[in-house]
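Here's the structure we're looking at; comments come further down.
The values are calculated or read from the model by the stated rules, or taken from the named source; none is laboratory data. Small disclaimer: the values here were computed from a predicted structure and weren't measured. Here the Cβ is made from the backbone with ideal geometry for all residues, glycine too, and neighbour counts use every protein chain on show. The area values use the complete protein model at the heavy-atom level, side chains included, leaving out ligands, DNA and RNA. Shrake-Rupley method; radii C 1.70, N 1.55, O 1.52, S 1.80 Å.
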Amino acid sequence: MERTLTVEFGPSRSKRFGKAVEEALDGAGDCVELGPGSYRVRFLLGRDGRVYSSLARLLQRVRDWRATEVYEGDQLVSSYHAREMAWCASSQLGWFGECRFRFFYGVMPRCSLCPLFDEERAVRDVLGENTPNTIEIEIRLPPRIEALLTGEPPPLMIAPPLDPNWQIPDRPPDEWWQHLSDVEPSD
């Protein structure tokens, strides 16, 4: 089963708008410029994990903007659920080639948008028909904490040898200084 999700975003005054447009143009969706600074990206969701990753990366950038809307057909959907679904589906396809998410605690809202969602398997999971026989959880504590909890003396902490003549400098070396005017701004 395939579904189409459409993301419309922009215009925006955000300094990250250029990166979002770049993500939309270079991603796995079909990007169209609707007007000056306004874009529509269509994602055909099937079994290709790259499409889900591209959708998730784009929504990661634009979902909090007021001018962002996500549609399935002509139905407006939650950009948060769409992003969560995209990350989940891309990881499931990358690891297993299909959805193997377990629904022991119910069906997540993000699953309603996912074409990989198998209703029958989810119902069997919720009813307890597909539960594993045992779930084993092992917690390994660091040796120092384990010794303290059992009442034993903790193991010695061994530090690397230090030069006895080493002294703390009065100020940082000159090569550590930089002028902020020489530094490129980071995102």
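Search the range 1-45 for residues being in contact with a Cys (Cβ under 9 Å, 6 or more places away or on another chain) and assigned to a helix (DSSP H, G or I), and hand back the single one that is most open to solvent (accessible area, probe 1.4 Å). Filtering the range 1-45 for residues that are in contact with a Cys (Cβ under 9 Å, 6 or more places away or on another chain) and assigned to a helix (DSSP H, G or I), the one most open to solvent (accessible area, probe 1.4 Å) comes out as L25. Residues in the range 104-136 that are outside any loop (DSSP other than H, G, I, E, B), under 24 Å from S53 (Cα atoms) and open to solvent by 70 Å² or more (accessible area, probe 1.4 Å): P109, S112, E119. Among the residues of the range 46-69, are any closer than 16 Å to P115 by Cα, in contact with a strand residue (DSSP E or B) (Cβ under 6 Å, 6 or more places away or on another chain) and open to solvent by 30 Å² or more (accessible area, probe 1.4 Å)? No, the range 46-69 contains no residue that is closer than 16 Å to P115 by Cα, in contact with a strand residue (DSSP E or B) (Cβ under 6 Å, 6 or more places away or on another chain) and open to solvent by 30 Å² or more (accessible area, probe 1.4 Å). Just one of the listed residues (L156, L162, L148) is more than 34 Å from the chain's Cα centre (by Cα) and outside any loop (DSSP other than H, G, I, E, B), and it is L148.
Of the residues in the range 93-103, at least one is open to solvent by 100 Å² or more (accessible area, probe 1.4 Å) and at pLDDT 90 or above.
Taken over the range 58-78, residues that are without any contact (Cβ under 8 Å) to a residue 24 or more places away in the chain and either touching a Leu at 6+ places or on another chain (Cβ under 9 Å) or assigned to a strand (DSSP E or B) (or both) amount to 2.
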